[in-house]
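Engineer: The structure's right below; bear with me while I get my questions together.
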Amino acid sequence: MFSLSVRVTGSNWKNGGEGDIACHVLSRYTNEQLETSQTDGYHETMKEILFATGNSRKIIEANETLKQYNITVNSVRVEIDEIQNHDPAEIAKAKARAAYDVTHAPVVVSDTSWEIPALGGFPGGYMKDISDWMSSEDWLALMARHDDKTIYCHEHVVYFDGESLQHFVSTYKGKFINEARGRVDDSESFERTVILYGDQTMAEQLADGDIASAGESLEHWKQFGEWLQGNS
């Protein structure tokens, strides 16, 4: 096993100033991730790419999807301040640039934004902060007067190698229900009121350890895998 730990100082992305932020990078390469694959009678080395996340379920999802493209991701933890922007794609792109500034190596990031048509596209890229302020009951009250209970989840994947920046996005449709279901956790609110697929709320899926991304098909990772495979 190989590990890399780096601590650096960078610019403050939220305020756009010269303030210091601490960035901690931890990359772990396991024997399993460094294995080669058997293809058409010969061993072909898996292409490795850094994935800036500390979410173990996202790493599993990415690797399970990308292995068909002969790609494996290695986890890198990068702590930075995210920018604020009405365009969620710009937030994801900024994360990729910031991750590259720390790793100095090709890197991929993933990000999620949400869109509620009945509320004019709210909350966009601000779901994380808004969910900290709102309870499950607040979400139910907010949606009670709307017939359209649709919510769209946009899963973003962004690759940056210092020159080429590539953005991939897939959209998954979910719905609000009329009662809160699932585990009660201070870090989760709308998750108890939204079903993405199947008949369980996000909170119920999270309790079972069955969810990291919104869609079962993980089309966002397939888009990235097809592009990287064709441009390697």
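Values quoted throughout were computed directly from the atomic coordinates according to the rules given, and no laboratory measurement underlies them. The shown structure was predicted, so the numbers you read here are calculated from the model rather than taken from an experiment. Positions of Cβ are generated from backbone atoms using ideal geometry, with glycine treated the same way; all protein chains shown enter the neighbour counts.
Engineer: Would you mind calculating the gained length between Thr150 and Asp208 on full extension (0.36 nm times residue separation, minus the Cα-Cα distance), in nm to one decimal?
Structural biologist: 18.5 nm
Engineer: Here's another thing I want to ask about it. Which whole-number percent is the relative contact order of the stretch 70-151 (Cα, under 8 Å, 6+ apart)?
Structural biologist: For the stretch 70-151, the relative contact order is 23 percent.
Engineer: Using r as the Cβ-Cβ distance of Ala118 and Ser217, and R0 as 22 Å, what FRET efficiency do you calculate, to the nearest 0.05? Working shown, then result.
Structural biologist: On the way: r = 25 Å, r/R0 = 1.15.
With a Förster radius of 22 Å, E is 0.30.
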